[in-house]
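Everything below concerns the one structure shown next.
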Amino acid sequence: MKYIRTESGIYEVVKSNSRSTEFIYPTKKGIRFCYRQNNKCKFADTIEELCDEFRGIWINYWEREKESEQEDAHEEYHYDKERDVFYDDFEELTREEAIEKFDIFYGAIWTSKGLIFVTKLNDDLRFKLL
């Protein structure tokens, strides 16, 4: 399966040729198909390759601390495609270790609106688009 990253998110490619790309674009009214091809779009075989960073989050900590206006407890990671691990300055995590360590493990991209979560690691150790 192929994926495309645009200015607004990461989407599943339905079909592509040299002039245009058809991809699934969810809206409030349902799913529509878009056709777009420009230099700002990036393509990859996996979602992980298109994310800027990954965040592991502990929900219970966040629920407990949100009343004191502190940020949610999270750790930021990047992806090493060659070794299929997520890493930061101190450790490396496999997919299994990420699921074991955190309540939720998100993939995110930076946009003009800030950091947005675009994918989530499921129990079957695969990322699913949000």
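The values are calculated or read from the model by the stated rules, or taken from the named source; none is laboratory data. These numbers were taken from a predicted model, which means no experiment stands behind them. Ideal geometry is used to build each Cβ from the backbone, glycine not excepted, and the neighbour counts take in all protein chains shown.
When the strands (runs of 3 or more DSSP E) confined to segment 53-130 are screened for residues that are basic (Lys, Arg) and at pLDDT 95 or above, none reaches at least 3 such residues.
Looking at segment 79-98 only, could you name the residues that are within 16 Å of the chain's Cα centre (by Cα) and either surrounded by fewer than 12 Cβ atoms within 10 Å (Cβ to Cβ) or not assigned by TED's automatic domain parsing to the domain that holds Thr119 (or both)? Within segment 79-98, Lys81, Asp84 qualify.
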